Each structure stands twice: as structure tokens, then as C-alpha cells.
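**Student:** First, the structure itself, so that you have it in front of you.
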Amino acid sequence: MTEEQSSMGGYTPPHNTSELSKKEKREFRRQERKDEQRRAQKKGGYKRMFMWAGVAAVIVLVVYGIVIGVMKNGSNSATPSSVDAVSQTDWVKGERTARVTIIEYADFQCPACKAYYPVVKSLSKEFSGSDVAFVLRHFPLRSIHANAESSSRAAEAAGLQGKFWGMHDLLFERQGDWEKLRDPKDTFKAYAQEIGIDVARFESDMDSDAVKDAVNAGFASGISAGVNSTPSFFINGNYISNPANIDEFRTHITNALNASS
């Protein structure tokens, strides 16, 4: 039996249809129609297969192009260069007139910022005095960290009662407790109570325009300086690549002190 005969369910058409009875002719025509339908379906199946293969190839090429573009953009992204001088609205550890100023743009929900937190805190104690000042500016990465904005506002609101650095420390030290909460406000209120500030005022200040504007001002300052990730550090107005360890960071500070003497 040939492939064509097999496709008709085993029916073998005669060579001379004039010898067929009416019933046999009807059966023959019926089988012919079935065979034609099968061929059409098979042909259509091939067309669809080739069409979807083409679509898949286009998708692969588009995705590949996007990935390559992202990689290129990441490797060639603009490096921050300079930053605004310390102002009266900045949160500062040390003297605002210090010879060396370290400005950090930070996101309280950022894991890397948390990793640098003990390094910066240790250095701020080591270089305490009038020569070195440490500044934190808000740079909440709202698109990837759901609680970045509210945590920045919590620190800012605590600052209005003189406890910015107390809230700053708790937010980093307990980041794992609040970072995935749908609404961390109650947790932040508990922190406010812990550091000894008026909780009702703190809650009101968190939602105030003044606090929101302060957070936005920090973010705008970072954008103006070319900041595109956190943490980003500037020493005496100049951007430095994130130090690999505390010794490297200390060297940056020492070099800046020597240069300013």
C-alpha cells in the first residue's frame, strides 16, 4: 500500500471509475474529499510550523538585542562626577566645615547599603572630630524597593525630632524585619518609640509635604550628580568607586586629608 492509499484509510481506488456502481462511486468521491482535506491540513500544518519558527527566531533576536543593549549600557553607564556642597539641610556627622566631607547617597532597603553601613559607622567613629564629616542623602530606588520611600521618610521624620541617626541605624540594622512588609509604618512607629521620640508627631511628619520634599530633594541632588546606584560615595565632591573593604575606604579618606592639609 502506498502512502497516498494509507492516508485514505486503506481504500484502493480502481483505475477505471466507469466500472464502479453508484454506491462505489459515492464512496470513491467521499474518500477523494477526505484525502484532499488531509493533504490541505498537512500543508497548512507545515505553514504554521514555519510561521511559528519564524516568530520564535524574531523573538530570540529581539531578546538577544535587548540583553546586549543592557550589557552595553551597564558597562558604559555614566560615572557620577561631582556633587553639591554640604548644605544646612543635610544630615551630617561631624562639622559641616570639615576639611574632608564624605557624602553617601543611600537607600535604606538596599542590601549593598546595609553591607556598607557598619564600615561607614566604624570610620565615622575613627575619624570623629572637626577634620572629617559624614553626610547621608536620600536616594530611594522606588522602582525596585517597595519600602525605600517610606523608610527614607521615617528617617527624615525622626530627624525633625533630633533622632535622624538613631532611626538611620535601626533601619539598616533591622532591614530584614521590614523590607518585605506590605506596610512597614507600624514597625517604623515602634522604632520611633524605641529611640524616644513623639510617635504621634513622627507619624504625622512621615506623611507631611515637608518630609516628602526633603526626600525628593536628596534624590534630585543625586540625579544631578549622575548617581545611578546605591550606595554612591563622594569625597570632597568627587565620586569614588565603592571601596572593596574598610582599609581601602580609609585610604581614600587619608589621601583626602593629606591633600587638604
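Here, each number is a calculation from the coordinates, and none is a lab measurement. If you're wondering where the values come from, they're calculated on a predicted model, not measured in any experiment. In this analysis, Cβ positions are derived from the backbone assuming ideal geometry, glycine residues included, and neighbour counts consider all displayed protein chains.
**Student:** Give me a comma-separated list of calculated 3J(HN,Hα) values for segment 101-110, in order, Karplus coefficients 6.51, -1.76, 1.60 applied at θ = phi - 60°, integers in Hz, x for any Gly or Pro.
**Tutor:** 10, 9, 9, 10, 9, 9, 10, 5, 8, 6
**Student:** Quick one: which residues, 5+ away or cross-chain, put their amide H under 5 Å from the amide H of A133? H built at 1.01 Å from N.
**Tutor:** So A133 has HN proximity to V100, T101, I102.
**Student:** If Rh is defined by the Kirkwood formula over all Cα pairs and Rg also comes from Cα, what ratio Rg/Rh do you get for segment 91-260?
**Tutor:** In segment 91-260, Rg relative to Rh is 0.96.
**Student:** Okay, which of segment 99-129 sit inside 17 Å, backbone N to the point 7 Å along the Cα-Cβ direction of S143?
**Tutor:** In segment 99-129, the label zone of S143 (backbone N under 17 Å from the point 7 Å along Cα→Cβ) covers 107, 110.
**Student:** Evaluate the charge dipole of segment 91-260 about its Cα centre and quote only its size in Debye, nearest 20, assuming +1 on the Cβ of each Lys and Arg and -1 on the Cβ of each Asp and Glu.
**Tutor:** Dipole about the Cα centre, nearest 20: 200 debye.
**Student:** Estimate the FRET efficiency between R174 and K125 by the formula 1/(1 + (r/R0)^6), using the beta-carbon distance for r and 22 Å for R0, to the nearest 0.05.
**Tutor:** Plugging the Cβ-Cβ distance into 1/(1 + (r/R0)^6) gives 0.60.
**Student:** Another one. Which whole-Hz couplings ³J(HN,Hα) result when phi for each residue of segment 206-215 is put into the Karplus expression 6.51 cos²θ - 1.76 cosθ + 1.60, θ = phi - 60°, listed in order with x for Gly and Pro?
**Tutor:** Whole-Hz 3J(HN,Hα) from phi for segment 206-215: 4, 9, 7, 5, 4, 5, 4, 5, 5, 5.
**Student:** Okay, next question. Counting only residues 5 or more places away or on other chains, whose amide H sits under 5 Å from the amide H of W91 once H atoms are built in the peptide plane?
**Tutor:** L136
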